[in-house]
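Some notes on the structure that comes next.
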Amino acid sequence: MHIINLKFTRFNKTPFSILFRAIGVYVIWDGRQIIRPSYIGEGNILERFATEHTKRFSRPIDGYVAILGDISNRSHKPNARISERLLLEVANLIDRYPTVNRAKGFLQPIREVFENHGVLKVNLSGFDPFLPPWSPTRLNSKKEIHLRKQDNQIFITHSWRRRS
């Protein structure tokens with residue numbers, strides 16, 4: 001089993017010094033969004049915010065970030081891509097797919113994990129990234145996303161209910 005742990009913190013509670021050289025996943029909620037996040041992304045967090053996201057979103061911008069580690073550790077990038085893809089899958093299943101994301105994320109890192117482990121688990125703690133940050137909800141217990149293969153089919157299970 002391959003396990004990834006994500007602890008989501010609020011943008012406004014995450015010091016700049018922690019984000020410097022950090023790789024992870026993030027969920028952006030911009031000023032136009034009420035029910036769905038604007039974007040779920042991964043990568044070098046400050047670099048992504050400084051280049052790709054500066055003109056893309058309406059102010060005020062808020063959201064959540066989960067840091068996997070420093071960009072110098074090569075294992076964090078595939079884990080960030082896996083996390084992004086699985087967050088997007090769950091967002092789609094619970095009717096919270098972001099308004100700006102067009103691609104569903106990368107499959108290759110998931111394929112590589114399945115070849116070696118057969119089961120993938122993402123543990124989420126901290127804040128619920130699928131709920132708006134202006135009424136943040138701390139997760140009482142960790143949420144989980146499981147991806148497993150059985151009889152050549154892939155199954156995803158998660159701890160969220162579909163929201164209305």
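Assuming a viscosity of 1.567 mPa s and a temperature of 4 °C, what translational diffusion coefficient in µm² per second does Stokes-Einstein assign to the stretch 10-164, Rh being the Kirkwood radius over Cα pairs?
Answer, rounded: 81 µm²/s.
How many Lys pairs in the stretch 50-164 lie less than 30 angstrom apart by Cα atoms, where the lysines are 8 or more positions apart or on different chains?
14
How would you classify the stretch 94-138 from its alpha-carbon gyration tensor, with a ≥ b ≥ c the square roots of the eigenvalues: rounded for a/c under 1.5, else prolate if a/b is greater than b/c, otherwise oblate?
Taking the square roots of the gyration eigenvalues as a ≥ b ≥ c, the stretch 94-138 is oblate.
For the chain, which span is the longest to avoid every loop-located (per DSSP) member of chymotrypsin sites (Phe, Trp or Tyr not before Pro) having at most 13 other Cβ atoms inside 10 Å?
Within the chain, the longest run free of exposed chymotrypsin sites (Phe, Trp or Tyr not before Pro) spans 21-133.
Please say if the stretch 43-122 is rounded, prolate or oblate, where rounded means a/c under 1.5 for a ≥ b ≥ c the square roots of the C-alpha gyration tensor eigenvalues, and otherwise the choice is prolate for a/b larger than b/c and oblate otherwise?
On the way: a/c = 2.33, a/b = 1.36, b/c = 1.71.
In terms of gyration-tensor shape, oblate.
Using heavy-atom solvent-accessible surface (probe 1.4 Å) with all chains present, what is the largest-first order of Arg96, Arg56, Arg161? Mind showing how you got there, number by number?
Numbers: Arg96 25, Arg56 100, Arg161 195 Å².
Accessible-area ranking of Arg96, Arg56, Arg161, largest first: Arg161, Arg56, Arg96.
Taking 35 Å as R0, compute the FRET efficiency from the Cβ-Cβ separation of Gln108 and Leu139 and round it to 0.05.
Once rounded, the FRET efficiency stands at 0.75.
With +1 on the Cβ of every Lys and Arg and -1 on the Cβ of every Asp and Glu, and nothing else charged, how large is the dipole of the stretch 34-164 about its Cα centre, in debye rounded to the nearest 20?
The dipole magnitude comes to about 300 debye.
Considering Cα pairs under 8 angstrom that are at least six residues apart, work out the relative contact order of the chain and quote it in whole percent.
Value for the chain: 28 percent.
Just to confirm the number: angle between the C-alpha axis of helix 76-93 and the first principal axis of the chain, 0 to 90 degrees, nearest 10?
Helix 76-93 sits roughly 90 degrees off the main axis of the chain.
With a probe of 1.4 Å, find how much accessible area the stretch 101-164 has per residue, and write the answer as a whole number in Å².
66 Å²
Would you work out which of Ile3, Val27, Gly105 lies farthest towards the positive end of the dipole of the chain, given +1 charges on the beta-carbon of Lys and Arg and -1 on that of Asp and Glu, about the Cα centre?
Going by the charge dipole, the pick is Val27.
Using a/c under 1.5 as the rounded threshold, could you call the stretch 1-101 rounded, prolate or oblate? The axes a ≥ b ≥ c are square roots of the C-alpha gyration tensor eigenvalues, and prolate needs a/b larger than b/c, oblate otherwise. Write out the running numbers ahead of the final one.
Working: a/c = 1.86, a/b = 1.18, b/c = 1.58.
In terms of gyration-tensor shape, oblate.
Test of understanding: what is the full-extension gain from Phe16 to Leu93, defined as 0.36 nm times their sequence separation minus their Cα-Cα distance?
24.4 nm
Considering only protein heavy atoms and a 1.4 Å probe, what is the carbon-and-sulfur percentage of the accessible area of the chain?
Carbon and sulfur together cover 49 percent of it.
Output the relative contact order of the stretch 98-153, whole-number percent, from Cα pairs under 8 angstrom with separation of 6+ residues. Let's see the in-between values first.
Details: 43 pairs, mean separation 18.8, N = 56.
Relative contact order comes out at 34 percent.
Write down the Å³ per residue value for the convex hull defined by the alpha carbon atoms of the stretch 26-78.
On the way: hull volume 4.1 nm³, N = 53.
Spread over its residues, the Cα hull of the stretch 26-78 gives 77 Å³ apiece.
Please work out how much accessible surface Asp151 shows to a 1.4 Å probe, ignoring ligands, DNA and RNA, in Å² rounded to 10.
130 Å²
Tell me the mean residue ellipticity at 222 nm calculated for the chain from its helices only (DSSP H runs of n ≥ 4, each -39500 (n - 2.57), averaged over every residue, nearest 500). If you can, show how the numbers build up before the last one.
On the way: 4 runs with 38 residues, N = 164.
So the helix-based figure for the chain works out to -6500 deg cm²/dmol.
The values are calculated or read from the model by the stated rules, or taken from the named source; none is laboratory data. This structure is a prediction, so every number in the text was calculated from the model and none was measured. As a convention, Cβ positions derive from the backbone with ideal geometry for all residues, glycine included, and neighbour counts pool all protein chains shown. Only protein heavy atoms, including side chains, enter the accessible area calculation; ligands, DNA and RNA are left aside. Shrake-Rupley method; radii C 1.70, N 1.55, O 1.52, S 1.80 Å.
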